[in-house]
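The values are calculated or read from the model by the stated rules, or taken from the named source; none is laboratory data. Remember, it's a predicted structure, so these values are computed and weren't measured experimentally. Reconstructed Cβ throughout: ideal geometry from the backbone, glycine too, with neighbour counts over all protein chains shown.
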Ligand code: ADP
Ligand code: MG
């Protein structure tokens, strides 16, 4: 599909816990009906350029007098169209890094560059728009709208992205993640694992260029985890989707084309 057309297949979707650093929910943006360039369009990338470059990013959280320094000049690159796994002990900053890459958080210093565009220089609305057009995110807490069924959640994502055949495609996507029998279930009537699988279907609904998946298989049995990862790996192989997934499973991590580990505020190749 040509890029101009692909760009119309996206969704402005604000994950449930998607808050900007200032604690303000970024507004639900409106998808332009035509592909209009962002004001600061990136330079056309060269084939060798990484799709994502995180350059010496630092991020702390402050609660009262207590400051937790999570990332300390952390850098990483994600190769275009490749799958990369991210490991690290609990509390090491994996989810923080995912939020920074999704533009849901802003670092104190350093840059997050996505396809040549430094997103740390964008305002909340522009970051939300970029996320809507190009990024699929599955947060650890899940993404589903609680009062919509599995099918309605995914259909909404496709419709917001101006996709056609929304109902049929929603059912296809949910079947691919093994939820053909849960189409009519509300999130509260799904198991944690089923909700995560529906969140993956939703994150893929806008046909993103970058998928960020935070421990999506943590609550899944091995067969379901396998199935969800196959959907993600297939998207990468077939559509050139760039993927970063967080996992504690060394078996799953080993199936990525590249492996990263986060420790002491830094990200290193494994
Ligand atoms: P991981 O995903 O690797 O378990 P996180 O990125 O969620 O790690 O968290 C890294 C550290 O930052 C942890 O010590 C966590 O308690 C702390 N942290 C995360 N989010 C917040 C927040 N909103 N406010 C204060 N501390 C936080
Ligand atoms: Mg986490």
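The table below lists the values:
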item: Any hit, the range 103-117, residues being within 12 Å of the chain's Cα centre (by Cα) and either surrounded by 21 or more Cβ atoms within 10 Å (Cβ to Cβ) or assigned to a loop (DSSP other than H, G, I, E, B) (or both); result: yes
item: Selection from the range 73-93 of residues that are more than 24 Å from residue 251 (Cα to Cα) and surrounded by 15 or more Cβ atoms within 10 Å (Cβ to Cβ); result: 74, 75
item: 2 or more residues modelled with pLDDT of 95 or more and surrounded by 22 or more Cβ atoms within 10 Å (Cβ to Cβ): qualifying strands (runs of 3 or more DSSP E) within the range 220-270; result: 242-246, 258-263
item: Among the residues listed as 86, 97, the single one being part of a strand (DSSP E or B) and within 13 Å of ligand 2 (Cβ to nearest atom); result: 86
